[in-house]
Amino acid sequence: MLGGVAGLVGAYMVGPRRGRYDSEGNSQPIPGHSITLAVLGTFILAFGWYGFNVGTQAAVLSATDGVLSFNGDALGRVALNTTLGMGGGAVAAALVTGWSDGKPDPLFTASGLLAGLVAVTGAVPHVTWYGALILGIIGGAQAPIVYRWVTDKLKIDDVAAVFPVHGSAGAIGTLLIPVFAVDGFSATQLAMQAVGIGVIVVWTVVTTMVVFKIADVVVGLRPDEDEEDIGLDRSEHGYTAYPEFVDTAGDGGVTVTSGDSGAMATDGSGVNEDD
């Protein structure tokens, strides 16, 4: 949650990418170059999440009176709740975008899977299996809704959906742990969770603003317009990560130079255009 809030503040202070909003303030999508790699990366990250959640669950073995015992019940709950959280998040995001857009959005489905994982990560050792599923569903369902609110209403260019995936999903999962706790509901614990969330949010907003302001003064938060046009791979590293997209017109736009399946728009919007 802390990272998601920091990302939101940082995106606000850096400002939107050029072309992200038109002259009337309407959001203009800038698609990534590969949905396939984005989804593949999501699955790789989800697989690694088992190591994170299960690996940080206290201990695999415990000793009582000199006798070692395997903590199978605790580890099994963590693994099961992790799986239910990610599955519920992915399905929920797919259903929400299927309802709002007519078809499920693969990138929002991937974001929903991660949001479901975030929502259950702090809860996995503490909540029931159905609680983990519900947390995952809530986390995944809110991801596309919160993302569009941040982008369209707040006008913050949250490129990687950091806030809905980590910020709001993390807050929801943290808050609702006592509601689905294995030991039963606790109003006192719920209040403590709410206070904790508030403290973390305030601390993160203030600290992030200070750090980004210092960075802006020392090195700057944005490249100049020419560097932004050609891309930071070329301006900072002197290398083109995706050589199929090059600036052939010299106007900052990109054009596909191999194959004839389609061309990228040369107005810097990054929107695909059919031949």
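The values are calculated or read from the model by the stated rules, or taken from the named source; none is laboratory data. Treat the numbers as computed from the prediction; the structure is a model and nothing was measured. Note that we place each Cβ from the backbone using ideal geometry, even for glycine, and neighbour counts take in every protein chain shown.
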Every listed condition ((1) small (Gly, Ala, Ser); (2) under 24 Å from residue 36 (Cα atoms); (3) surrounded by fewer than 16 Cβ atoms within 10 Å (Cβ to Cβ)) holds for residue 191 save (2)
Give the residues of region 225-241 that are within 19 Å of residue 11 (Cβ to Cβ) and in a loop (DSSP other than H, G, I, E, B), sorted by residue number. 231
For region 98-110, what are the residues that are of a type outside the set (Val, Ile, Thr) and part of a helix (DSSP H, G or I)? 98, 99, 100, 101, 106, 107, 108, 110
For region 213-224, how many residues are assigned to a helix (DSSP H, G or I) and without any contact (Cβ under 8 Å) to a residue 24 or more places away in the chain? 4
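Any idea how many residues of region 8-28 are of a type in the set (Gly, Ala, Ser) and not in a loop (DSSP other than H, G, I, E, B)? Steps first, answer last, please.
In the first step, residues of region 8-28 are kept if they are of a type in the set (Gly, Ala, Ser); the result is 10-11, 15, 19, 23, 25, 27.
Okay, now just the ones that are also not in a loop (DSSP other than H, G, I, E, B), so 10-11, 27.
Count: 3.
Residues that are in contact with a Ser or Thr (Cβ under 8 Å, 6 or more places away or on another chain) and either under 26 Å from residue 16 (Cα atoms) or not assigned by TED's automatic domain parsing to the domain that holds residue 180 (or both): does region 57-74 have at least one?
The answer is no; no qualifying residue exists.
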Of all residues being outside any strand (DSSP E or B) and of a type in the set (Val, Ile, Thr) in region 116-128, which is surrounded by the fewest Cβ atoms within 10 Å (Cβ to Cβ)? Just the residue, please. 128
Selection count where residues are over 17 Å from the mean Cα position of the chain (by Cα) and closer than 19 Å to residue 181 by Cα, scope region 73-100: 11
Those residues of region 12-35 which are under 28 Å from residue 213 (Cβ atoms), in contact with a helix residue (DSSP H, G or I) (Cβ under 8 Å, 6 or more places away or on another chain) and not aliphatic (A, V, I, L, M), in sequence order: 17, 18, 27
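Which residue, of 75, 95, 113, 68, is assigned to a strand (DSSP E or B) and either surrounded by 15 or more Cβ atoms within 10 Å (Cβ to Cβ) or in contact with a strand residue (DSSP E or B) (Cβ under 7 Å, 6 or more places away or on another chain) (or both)? Before the answer, list the steps.
On the way: 75 fails: assigned to a strand (DSSP E or B); 95 fails: assigned to a strand (DSSP E or B); 113 fails: assigned to a strand (DSSP E or B).
Among 75, 95, 113, 68, only 68 is assigned to a strand (DSSP E or B) and either surrounded by 15 or more Cβ atoms within 10 Å (Cβ to Cβ) or in contact with a strand residue (DSSP E or B) (Cβ under 7 Å, 6 or more places away or on another chain) (or both).
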Here is a list of conditions, (1) surrounded by fewer than 21 Cβ atoms within 10 Å (Cβ to Cβ); (2) modelled with pLDDT of 95 or more; (3) among the small types (Gly, Ala, Ser), and residue 160 meets all of them except one; can you say which number that is? (2)
Pairs please, first residue from region 144-164 and in contact (Cβ under 8 Å) with a residue 60 or more places away in the chain, second anywhere and of a type in the set (S, T, N, Q) and not in a helix (DSSP H, G or I), Cβ atoms under 6 Å, 6+ apart in sequence or on different chains. 151/27; 152/27
If I ask for residues that are part of a helix (DSSP H, G or I) and aliphatic (A, V, I, L, M), which ones from region 159-176 would you list? 162, 165, 169, 171, 172, 175
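Inspect all residues belonging to region 151-158 and state whether any of them is touching a helix residue (DSSP H, G or I) at 6+ places or on another chain (Cβ under 7 Å) and part of a helix (DSSP H, G or I). If you could, list the steps in order and put the result at the bottom.
Step one: filter region 151-158 for residues touching a helix residue (DSSP H, G or I) at 6+ places or on another chain (Cβ under 7 Å), giving 156-158.
With part of a helix (DSSP H, G or I) added as a condition, the list becomes none.
The answer is no, given that none of the residues of region 151-158 is touching a helix residue (DSSP H, G or I) at 6+ places or on another chain (Cβ under 7 Å) and part of a helix (DSSP H, G or I).
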By residue number, the members of region 225-242 that are free of Cβ contacts under 8 Å to residues at least 12 places away in the same chain and among the hydrophobic types (A, V, I, L, M, F, W, C) are 232, 241
Modelled with pLDDT of 85 or more, within 25 Å of residue 16 (Cβ to Cβ) and part of a helix (DSSP H, G or I): which single residue out of 179, 199, 195, 210 fits that description? 210
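So in region 29-65, with the set limited to residues that are among the small types (Gly, Ala, Ser) and assigned to a helix (DSSP H, G or I), which one is surrounded by the fewest Cβ atoms within 10 Å (Cβ to Cβ)?
Filtering region 29-65 for residues among the small types (Gly, Ala, Ser) gives 32, 34, 38, 41, 46, 48, 51, 55, 58-59, 62-63.
So of that shortlist, the ones also assigned to a helix (DSSP H, G or I) come out as 38, 41, 46, 48, 51, 55.
Numbers: 38: 15, 41: 12, 46: 20, 48: 11, 51: 9, 55: 12.
So the residue we want is 51.
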